[in-house]
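Input: a single structure, listed below in structure tokens.
The values are calculated or read from the model by the stated rules, or taken from the named source; none is laboratory data. As the structure is a prediction and not an experimental result, all values here were calculated from the model. Ideal geometry is used to build each Cβ from the backbone, glycine not excepted, and the neighbour counts take in all protein chains shown. Areas reflect the complete protein model, heavy atoms only, side chains present, ligands, DNA and RNA absent. Shrake-Rupley method; radii C 1.70, N 1.55, O 1.52, S 1.80 Å.
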Amino acid sequence: GNFYETLINYEDGKIVPGLAESWSISEDNRTYTFHLYKNIRFSDGEELTAETVKKNFDTIAKNLGAYNGFFGLTSTLIQEVTAIDRFTVSVRLSSPYYGALTDFTLPLPLGIMSSKAFNDDGSLSEAVKTATLGTGPYMYNGIKSNDTYTFVKNPYYDRKSLEFDSFAIKIIPDNDAKLLALRSGEIDMIIGARN
């Protein structure tokens, strides 16, 4: 969520707007139509449009391969995505699914990336190896020192005030070293530690 935002969000037990300001569901519970906010830009400056959302959803199965469906069933049910106009996109599912709205809130795999994140054939471009191309409040722009990656404010993000200008993620493979770094104050939290 710091880098890639979704069309809708799940907050306090409710589905609320994300990149889409409103949405509707067809009577047969198979077509979800999203009306995007205007003037939202990705960290590379590209504008969020229905065509960009379409490109993201059209390429999910290809890019996840055998892992499609590991992060919610909805991505396996996408039958057709249509850019109705510049800021309206519809997603038609092959069958109704009670959990579709909840799945649309999952950044993996339904977080939206700039079209520059994709090659012409829909595969991920080399750009995603050195930059986060999302609409979220922070971005990675290739700043790495040893095993520490630094993330900075997305200059195009203006929807909420941010508490921090940047943050860093340090990769520490050894669990004992992780604990020592936490105790010494070198790091603020540990994520992904194994016993």
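Give the residues of segment 65-80 that are in a helix (DSSP H, G or I) and either out of contact with any helix residue (DSSP H, G or I) (no Cβ under 9 Å at 6 or more places or on another chain) or touching a residue at least 60 places away in the same chain (Cβ under 8 Å) (or both), sorted by residue number. If the condition is that a residue be in a helix (DSSP H, G or I) and either out of contact with any helix residue (DSSP H, G or I) (no Cβ under 9 Å at 6 or more places or on another chain) or touching a residue at least 60 places away in the same chain (Cβ under 8 Å) (or both), then GLY65, ALA66 are the ones that fit. Entry remark, segment 1-41: residues being part of a loop (DSSP other than H, G, I, E, B), open to solvent by 50 Å² or more (accessible area, probe 1.4 Å), among the polar types (S, T, N, Q) and modelled with pLDDT of 95 or more number 2 in total. Among the residues of segment 100-111, are any in contact (Cβ under 8 Å) with a residue 12 or more places away in the chain, part of a strand (DSSP E or B) and in contact with a Ser or Thr (Cβ under 6 Å, 6 or more places away or on another chain)? So far as segment 100-111 goes, no, none of its residues is in contact (Cβ under 8 Å) with a residue 12 or more places away in the chain, part of a strand (DSSP E or B) and in contact with a Ser or Thr (Cβ under 6 Å, 6 or more places away or on another chain). The residue that is nearest to LEU108 (Cα to Cα), among those in segment 125-134 that are touching a strand residue (DSSP E or B) at 6+ places or on another chain (Cβ under 7 Å) and surrounded by 15 or more Cβ atoms within 10 Å (Cβ to Cβ), is THR132. Filtering segment 60-92 down to residues that are farther than 16 Å from LEU7 by Cα and touching a strand residue (DSSP E or B) at 6+ places or on another chain (Cβ under 7 Å), which residue is surrounded by the fewest Cβ atoms within 10 Å (Cβ to Cβ)? Among them, the one singled out is GLN79.
Report, by residue number, each residue of segment 158-192 that is of a type in the set (Lys, Arg), within 30 Å of GLU47 (Cα to Cα) and open to solvent by 90 Å² or more (accessible area, probe 1.4 Å). Scanning segment 158-192 gives a single hit, LYS160.
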